[in-house]
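Some notes on the structure that comes next.
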Amino acid sequence: MSQLSLAVDIAGLRLRNPTMNAAGVLGISGPLLKRVYEGGAGAVVTKSLGPVPREGHHNPTLVTVEGGVLNAMGLPNPGADYFVDVIRWLKGEGVPVVASFFGATIEEFRDVACTLSDAGVDALELNCSCPNVVEEMGMLGADCLNTEAVTAAVKEVAKTPVFVKLSPNVTDISEIARGAERGGADAITACNTLIGMAVDVDMRRPILANTTGGLSGPALKPVALRCVWEIAKTVDIPIIGCGGVTNWRDAVEFLLCGASAVEIGTAVMERGVEVFGMVVEGIRSYLEVNGFKEVKDIVGLAHET
Amino acid sequence: MSGSRMKPDTLRVRQLVDVTEEAGDMVSLYFRDVQCSQALPGQYVMIWVPGVDEVPMSLSTIGRRKVSSVTVRPVGEATRYICDLKAGNMVGVRGPFGNGYTLECDLPLVVAGGVGAASLTPLAESLVTRGVRPTFVLGARNEEQLVFRERLKNLLDEGLVLATDDGSCGFKGFASDCALKLMDERQFDVVYTCGPELMMALIFRSAEDRGIQVQASLERYIKCAVGLCGSCAIGPYRVCKDGPVLTTDQLKVVRDEFGLQRMDPSGQAIKVDH
Ligand SMILES: Cc1cc2nc3c(=O)[nH]c(=O)nc-3n(C[C@H](O)[C@H](O)[C@H](O)COP(=O)(O)OP(=O)(O)OC[C@H]3O[C@@H](n4cnc5c(N)ncnc54)[C@H](O)[C@@H]3O)c2cc1C
Ligand SMILES: Cc1cc2nc3c(=O)[nH]c(=O)nc-3n(C[C@H](O)[C@H](O)[C@H](O)COP(=O)(O)O)c2cc1C
Ligand code: FES
C-alpha cells in the first residue's frame, strides 16, 4: 500500500477528501445531504439559508442549455432557524457540514451566521453572490468594500472557518477576493454562476420565470478556472474551486490552478451522487501515477514557472 | 430543435393536436413528441405555459401513432389554465423524467385513485402487450369522475373493477378498501398504485402485511425535475429522478414521511392531507 492521502486541510477544517457538493445542489434536505456524503464527498454544503423561509421563484426555475444548465431557483430555503435541527441531525450522523447562508443586510448576514455557527456547523460559506435575487438583495458581493464589511461582521460571530463565495459577474474578481481576505475570510469559494438567459423561438418568451438565471456546468468551467487562477495570484488564503467539475480531470485542473478543494453541482444531474466517489478515485489515481503523496502537492502547481 | 437525438431534458415547444374532455372536468392534451413516444409508463413531463407556471404531469398516452398525452385535473391556477387550452395552442415540454414502473410481474393488482389513472393506464396497456392481464381498480368519488373508463374496459374487460366513494357505480367505498378486499380474495404478486397519498399509504401497509410488492407513484414539489435542487425530497430519494415510482424497499425507508409529511416549496415540512 502506498502512503497516499486524499485528506485536505482548508483553513483548519480537515476533510477526508477535497470534494463537496456545491451549495443549493441537494442541500435543502438532511437525508439527501447524507446521501451526498455516502456518495463520497469530503463534506456537504447546505442550501443557502436566510433569516426567514423563502419559497423561491415560480417555475420554470431551471432549463438545460448547451454545456450546462441555467437556474433561477430564487434561493428557496426553510430559514436558518428551521435548519438548526437538520444540521444537528447530520452532525449526529457523522457528516461534516458547511452551512451556506445569505442575508439582505450586514446585520442579517451576521445574525444568520450566528444561528448556524451555534448549531455546530464545521464551516460557514457566505453567499454574497447569488445572481437570482439581485433586485431584492442587491449584489452585495459585487463590491470590494461591501464584501470586506460583510465578511468582517460575520467573522465577529463565527466560531468556525468562514468561506466567502464570490460571483464571476464582476470586472475584477481578485479585487473582491482581496476585500474578503481583508475582512478576515478563511477561504474563498470561486465561483457562483454566470448570469445568462434563454429564450424560446416558438413561444417568443424568456424561458425562466425570472427571465435571467445562473449558468453552471461545463460551460462555466473555463471562467471558474480563470477566477481561481487570478484569486490564487492575489490572496494567501485557500480557495475552493467550483464551476463545471464533472470528472477527476476537471477537479485536478482546479487544484493545479490553486484550489485546495472543489465543489460539484450540476454534474450530479448526469452522474448522480456517485460523482463524488468517482472524482475522488480519479484524483487518487492521478496522484499515484504521477508520484505525488497528497493533494496539497499539486495545489497551484500550474503557477510555477 | 426536434428529432430523436435531442436529449429529453431539453425544452421544446409542441402544438396541441387534440384536446379532449375526460370524466370529471379532466382534460387530455395530445401532442407529437419523439421523446415522449419512447417513454416508460409512469414517467412524467414538465408542461410549461409561459407567464403561468411549469408543472409535472404523468404521460397518460405514450406514443400512440407518435401522439402522446397528459391528462390534467384542474386544481389550481396552472392546471385550470392548462385545461382551458385548445387544439392549436402550444405548450413547452421537458422530459420524460423519472424512473417509471417496472413491468416484471405475473399477477398484478393496479389501484388508481382519481387522476392517478393517468400514469396507470399506459402501464396496464404495456402489461397487456406483454401478455399479463392485470386486475385494475379504478376509483373515484362518484361515477362522473371515473376517468378512462371506456379505454380500460376495452383493454381489460372483466379485469376492470370500478369503485366509487358514494356507491354510484361498482364497489361502494374507497379504492383502497376495494383493493384490500381483492387482496384477501385473490392472489397478487405486485400492487401498482397512483392516487391520493393517504390511499397509497394504506395500500402499502396492507400489501406489506401480505408480503406483496408495491410500486407507488408519489408526488412532491417538483422544480428542476433533473435531480439537482432537492425540492422533491422524500427521505434520501428525489421524487423527480429516483422516483416518482418508489418500491416496497424504498417505501420502508421513508415510512416516517410517506402519507404523513412532505416539504413545501421553501423546504419546510408540512402535513400530507390527501
Ligand atoms: C410526478 C408527478 C406527476 C403528476 N401527474 C399528474 C397528472 O397526470 N395529472 C394531474 O392532473 N396532476 C398531476 N400531478 C399533480 C400536478 O402537478 C399538480 O396538481 C399541479 O402542479 C398543480 O398546479 P396548480 O398551479 O394548478 O395548483 P396550485 O394551486 O399551485 O397547487 C395545488 C397543489 O398542487 C401542488 N403543486 C403545485 N405546483 C407543483 C409542482 N411544481 N410540483 C408538484 N406539485 C405541485 C401543490 O403543492 C398543491 O398541493 C403530478 C405531480 C407529480 C409530482
Ligand atoms: C439548482 C442550483 C441551485 C443553486 N443554489 C445555490 C445556492 O443556494 N447558493 C449558492 O451559493 N450557489 C447556488 N448554486 C450555484 C452552485 O453552488 C455553483 O456555484 C454553480 O452551480 C457552479 O458549479 P457547477 O458547475 O458544478 O454546478 C446553485 C446551482 C444550481 C444548479
Ligand atoms: S425537483 Fe429538483 S431535485 Fe427533484
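Yes or no: B:Val45 more than 20 Å from A:Leu208 (Cβ to Cβ) and crowded, with 22+ Cβ neighbours inside 10 Å? No: the conditions fail for B:Val45. Apart from one condition, B:Arg186 fits all of (1) buried (at least 18 other Cβ atoms within 10 Å of the Cβ); (2) over 23 Å from A:Leu62 (Cβ atoms); the exception is (1). Only residues that are at positive phi and more than 7 Å from every other protein chain (Cβ to nearest Cβ) were counted in the stretch A:28-67, giving 2. Can you confirm whether A:Leu75 is within 19 Å of the chain's Cα centre (by Cα) and either under 22 Å from A:Gly12 (Cβ atoms) or not in a strand (DSSP E or B) (or both)? For A:Leu75, the condition - within 19 Å of the chain's Cα centre (by Cα) and either under 22 Å from A:Gly12 (Cβ atoms) or not in a strand (DSSP E or B) (or both) - is met. Considering only the stretch B:220-274, state which residues are in contact with a Gly (Cβ under 8 Å, 6 or more places away or on another chain), within 11 Å of chain A (Cβ to nearest Cβ) and in contact (Cβ under 8 Å) with a residue 60 or more places away in the chain. B:Ala225, B:Cys240, B:Lys241, B:Asp242, listed by residue number. Scanning the stretch B:116-128 turns up no residue that is in contact (Cβ under 8 Å) with a residue 60 or more places away in the chain and not assigned by TED's automatic domain parsing to the domain that holds B:Gly243. Screening the stretch B:125-237 for helices (runs of 4 or more DSSP H) wholly inside it with 2 or more residues that are out of contact with any Phe, Trp or Tyr (no Cβ under 7 Å at 6 or more places or on another chain), aliphatic (A, V, I, L, M) and within 16 Å of ligand 1 (Cβ to nearest atom) returns the ranges B:197-209.
The residues of the stretch B:82-117 that are under 15 Å from the mean Cα position of the chain (by Cα) and part of a helix (DSSP H, G or I), listed by number, are B:Gly114, B:Val115, B:Gly116, B:Ala117. Within this structure, B:Gly235 passes the test of being small (Gly, Ala, Ser) and more than 9 Å from ligand 3 (Cβ to nearest atom). Does B:Val67 satisfy the condition of being touching a helix residue (DSSP H, G or I) at 6+ places or on another chain (Cβ under 9 Å), away from ligand 1 (no atom under 12 Å from the Cβ) and within 14 Å of chain A (Cβ to nearest Cβ)? Answer is no for this residue. Listed here are the helices (runs of 4 or more DSSP H) enclosed by the stretch A:247-305 that have at least 2 residues being more than 21 Å from the chain's Cα centre (by Cα): A:274-289. Going through the stretch A:73-99 one residue at a time, which ones are within 12 Å of another protein chain (Cβ to nearest Cβ) and either of a type outside the set (Gly, Ala, Ser) or farther than 25 Å from A:Lys34 by Cα (or both)? If the condition is that a residue be within 12 Å of another protein chain (Cβ to nearest Cβ) and either of a type outside the set (Gly, Ala, Ser) or farther than 25 Å from A:Lys34 by Cα (or both), then A:Met73, A:Leu75, A:Pro76, A:Asn77, A:Pro78, A:Asp81, A:Tyr82, A:Phe83, A:Asp85, A:Val86, A:Glu93 are the ones that fit.
The values are calculated or read from the model by the stated rules, or taken from the named source; none is laboratory data. Everything numeric in this text was worked out from a predicted model, so none of it was measured. Note that we place each Cβ from the backbone using ideal geometry, even for glycine, and neighbour counts take in every protein chain shown.
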